[in-house]
Amino acid sequence: MSLLDSATGNFWVDNGLAVLCTDYGLQEPPQDVNAVVQQIMQKLYVKTGNTGEYWDEKSGQLKTYEKYNWKEPVRLFVSIVPKTPKKEIDGKSYYTSPPPRPNPPIAPQGKRQKCDFCGREEVVLDAKLYFFPFVVNPNDFGNFYSCARRGLKMCALCALAGFAAFESWLWRRQGSTYHFFLFHTDLERLVALRQGIIELMQLQGDAKGGNFEAPFFGEYPFENLFGLLLRLFEVIRQRDSEGELDPLLAELTGAQPITSSPIVVYAISGSAGGKSFSMKALHQFDRFQPLYRLYCRWLETLQTDNSHETLKTVFRQFLHRRNRSEETLWREQICRAILQQADPLPPLEAFLYEVSASQKKPLTFGTLEVFQIYLQEVMHMDEKLLNILKGFGYELGKQAAGKKDMGLLYALRNSKNLDQFLEVLNRVQFTLGITVNPELLRVESGERIAGAPWNRAKTLLAIYAMNANLREVQPQKNEASNE
């Protein structure tokens, strides 16, 4: 039986099978699974850089040994500690030998039963956290999802794959919050995905903040998932342009239609409480093609020396530093809206009025262009309306800055209904002497303006106006700083 024919449909075990194929060169199930376990241990159980002392019975002296531990973040899920004899010397307890390496044996026993993962009739063993970290003993509190009352049963191959899967994930850490990402599809494409993309994204060596380079990160799930996808698309675009992208992965770019199991990424977020992991959220994403097309449009629109870096800067800005902490709730809401193909304007407006305005700092270069492309491509807003709002918003913000009248901008933002919005536009004409484009006053059925909901047009106008206002104020601020 080939390993590529051993897919289970379980995202954790299948990722482990892919690791066995790519990292250990296995083409079929090994005769001795525990020998492979020991090979995996070499990567998961590593030196900490610290030393300890043990009492050597033969010499009657204290000797030094190098300490080992499960590497981060595996240690949150694996806590196997081998028992080592101790002896009290001068009132202090010492090991009588260097602690041995843990040995998580795969030892199926008893009658043949159906494996709960692959479905084959095999001699099985109980699923443990170090073989499948998303299940716990039925009598304990379940961090992830409940298992059968009898617990889950695994065959030797699925247990081995489960242990190997710790090498498959991409992860980031922010304080005590962890974010894990696992891709899943049919096994052949999963192997191609690991060899062609994931291994290129994984950082080598001991990384404390994560094992892939993230354009930004924080404590919330969607901002981290969006950051992962930006890094993924950067690799895909480069390999595709160089003709190195595996044809099996062409569907990620939209070059090929989905012909079998779609590629999905599972995003798991949670916190480390003590020495264990408590899951807070689990999301999955599979709309790669439309998001990748949008990503390419963004890069083409920005047209800078490094458009990808500019795009990262656009999303990196949505945070607020308070004392020694950073709040990224606005970025989380914006990223969530984009990933769910919803409206990102409300959180963008909130960030601009609540953070940027207090700092007298306009949005970074390219921000409004990026969101205008999104509104056209995803929200199907009319380009003519977008240009009208952009031009009128710029003039409104500029004139308000000249007359130091911020009240109109906040009145515009705070409009709760269409009548209030139209009333503010009327005030603008008399207070600032600006002529309002008739298209903004022509209300269609369903309280829509040029095909768009009135409140979306209002929010976008408020964004353009405040950003233009801050751009007018910023030069004065810089002048004062120089003086």
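The values are calculated or read from the model by the stated rules, or taken from the named source; none is laboratory data. Treat the numbers as computed from the prediction; the structure is a model and nothing was measured. For neighbour counting, all protein chains shown are included, and Cβ atoms are generated from backbone atoms with ideal geometry for every residue, glycine included.
Residues being at pLDDT 95 or above, part of a helix (DSSP H, G or I), more than 19 Å from the chain's Cα centre (by Cα) and not basic (K, R) are entirely absent from the stretch 214-222.
Inspect the stretch 449-468 for any residue being surrounded by fewer than 16 Cβ atoms within 10 Å (Cβ to Cβ) and basic (K, R) and give the result as yes or no. No, because not a single residue in the stretch 449-468 is surrounded by fewer than 16 Cβ atoms within 10 Å (Cβ to Cβ) and basic (K, R). One residue stands out in the stretch 310-364 among those that are hydroxyl-bearing (S, T, Y) and over 20 Å from M466 (Cβ atoms): the one that is surrounded by the fewest Cβ atoms within 10 Å (Cβ to Cβ), namely S325. Within the stretch 428-464, being within 27 Å of F365 (Cα to Cα) and of a type in the set (G, A, S) holds for A452, A457, A462. If I go through the stretch 429-447 residue by residue, how many of them are free of Cβ contacts under 8 Å to residues at least 24 places away in the same chain, part of a helix (DSSP H, G or I) and within 41 Å of the chain's Cα centre (by Cα)? Result for the stretch 429-447: 0. A single entry from E53, E28, E72 fulfils the requirement of being modelled with pLDDT of 90 or more and either over 17 Å from P99 (Cβ atoms) or not assigned by TED's automatic domain parsing to the domain that holds A107 (or both): E28.
When you check K384 against the structure, is it more than 20 Å from E223 (Cα to Cα), in the same structural domain as L460 (by TED's automatic domain parsing) and either in contact with a Leu (Cβ under 6 Å, 6 or more places away or on another chain) or not in a helix (DSSP H, G or I) (or both), yes or no? Considered against the rule, which asks whether it is more than 20 Å from E223 (Cα to Cα), in the same structural domain as L460 (by TED's automatic domain parsing) and either in contact with a Leu (Cβ under 6 Å, 6 or more places away or on another chain) or not in a helix (DSSP H, G or I) (or both), K384 comes out as no. The criterion of being surrounded by 15 or more Cβ atoms within 10 Å (Cβ to Cβ), within 21 Å of R471 (Cβ to Cβ), assigned by TED's automatic domain parsing to the domain that holds R471 and modelled with pLDDT of 95 or more holds for L389. If you go through the stretch 449-463 and pick out every residue that is farther than 13 Å from L418 by Cβ and at pLDDT below 95, you end up with 2. Checking each residue in the stretch 40-94 for being over 30 Å from M279 (Cα atoms), hydroxyl-bearing (S, T, Y) and buried (at least 16 other Cβ atoms within 10 Å of the Cβ) picks out Y54, Y94.
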